Amino acid sequence: MNSMNFIDKYILLVYCIVEIYLVYTFFECFFEKKSWALEPKKLYLTNAGAVFSLYAVNLVGKRELNLVMFIVISFVFVMVLFEGKTGSRVLCYVVAYSIIFASECLFAIIFNQTNEKNMLMSGVHLEILSLKLLTYIMFVLVEQFIGTSKRKMDNHIFLEYLCLPVAGFGIMAGIFYSGFDFGTNVYVKVLITVCFSLLLTGNILVFYAFNRYSEEMYQNAENQILITKQQADLKYYTQMDEVQGSHNEFVHNMNHYLSMIHNFARQGDCKSIMKAVEEMNGHIEDSGTEIFCSHHVLNMILSEKKGRAEKNQVEFDAYVEPGVRLEMVSDIDLVAILGNLLDNALRAAGECRGQKYVKVRIFMQDVGGFCVFRIINGYSGEIAVQGDTLLSTKKEKGLHGLGIGSVNKMAEKYGGYLSCKVEKDVFTAVLLLSTQD
């Protein structure tokens, strides 16, 4: 194999990697990956398979075959990897291919490819790397302004970062128009080829790194919102518990109130009787808390969710087995775990076209080794599930999916796990928490 062939094959491999990467990232902006593709090893193998399949076809060297097989390989790749409506995925692929085609047309105009004098003046296929950089610029522009990915940058920052690939493409264009001929020196050809490929790769990596940073910032913001919500919920439940404590004290002192009213009645003091009765009514109205168990935070959560269910005309049936142990779970974690599960159940049940209900059963299992939370609710529509884990409804993203993710993490924190089961119009979530220290 001579050096020119080696350089050609090296450029061809870079070309195939970038082609698959561009289509992959474009689809990632609009669709969720299938559950099996969330495993890194399977994802890497799938990407590698697509790259080397495309590379093998390009080694044949037939332009018509390359064109047809690129469409076939890349289309099968994204259809297998991403989930969504078939029509939507096909339309997205048509848009992606249109961007590639438009980039090639623009490249031909810029470099005047119809003029043989301006083609391949270096003797090396460096125009392929220049074309891929231009295509990448076109893709990031489209993804930034119409994509739905959480990795999107702020528009001002994006325009600042865009200077880098535009400048890189300008350098490549300048070299072509300079008229330099690198065909007489093998070392110069290798150097220019490596530098061009590094320029292309570097631009992609810079955007990738900042996109990942933007995604992390987005996740941190969502986590902060969730933590703030949990703290507010805990404060609310604590206040409810204080009201319940005041009510319990009132019930305990009921005999004293009745004795006082009896004395006022004997004295014929109707005004004092009316005043005492009004105070008693105020105490009774202030406390609408139902008693489910002796654990004050758990009781407040169930009581508040039942009140919300009644307002939304959802049947709420909760039972807590006497002797349930939850002392190992912090109050704020209990609010996060049970609050998220019940919020999801109430939301789904409220939108259900059939019977609207939520059933909650909390009990001990394996001779007190685990505390089990079983929540059953009706639902309508589609639910995204990865194995036994609920991801989100098809219509909702954001905090809904984040809440379920936090439940999974907290279950692992307490030596347990969350299992979700979908069967017809019934959704069942079973959460196990270890009671062992």
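The values are calculated or read from the model by the stated rules, or taken from the named source; none is laboratory data. Since we're looking at a predicted model, the values are computed, not measured. Virtual Cβ from ideal backbone geometry, glycine too; neighbours counted across all protein chains shown.
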| query | Given the residues GLU327, GLU310, which is the only one that is assigned by TED's automatic domain parsing to the domain that holds GLN355, at pLDDT 70 or above, out of contact with any Phe, Trp or Tyr (no Cβ under 8 Å at 6 or more places or on another chain) and of a type in the set (Asp, Glu)? | reply | GLU327
| request: Can you confirm whether segment 31-53 contains a residue that is crowded, with 19+ Cβ neighbours inside 10 Å, hydroxyl-bearing (Ser, Thr, Tyr) and in contact (Cβ under 8 Å) with a residue 40 or more places away in the chain? | output: no
| query | Filter segment 10-27 for residues that are among the hydrophobic types (A, V, I, L, M, F, W, C) and more than 15 Å from PHE52 (Cβ to Cβ); which is farthest from the chain's Cα centre (by Cα)? | reply | ILE11
| task | Would you be able to say whether some residue in segment 302-321 is part of a strand (DSSP E or B), in contact with a Cys (Cβ under 9 Å, 6 or more places away or on another chain) and surrounded by fewer than 16 Cβ atoms within 10 Å (Cβ to Cβ)? | result | no
| message | Considering only segment 197-205, I want to know if a residue exists there that is among the small types (Gly, Ala, Ser) and modelled with pLDDT under 75. | response | no
| Boolean, ALA56 is modelled with pLDDT of 85 or more and surrounded by 20 or more Cβ atoms within 10 Å (Cβ to Cβ) | no
| How many residues are within 16 Å of ALA318 (Cα to Cα) and either assigned to a loop (DSSP other than H, G, I, E, B) or outside the structural domain of LEU433 (by TED's automatic domain parsing) (or both) when one looks only at segment 330-381? | 1
| Do we have any residue at all in segment 2-23 that's in contact with an Asp or Glu (Cβ under 7 Å, 6 or more places away or on another chain) and either surrounded by 18 or more Cβ atoms within 10 Å (Cβ to Cβ) or at positive phi (or both)? | no
| remark: Reported set for segment 404-429 where residues are closer than 20 Å to SER380 by Cα and either at pLDDT below 80 or not hydroxyl-bearing (Ser, Thr, Tyr) (or both) is ILE404, CYS420, LYS421, VAL422, GLU423, LYS424, ASP425, VAL426, PHE427, ALA429
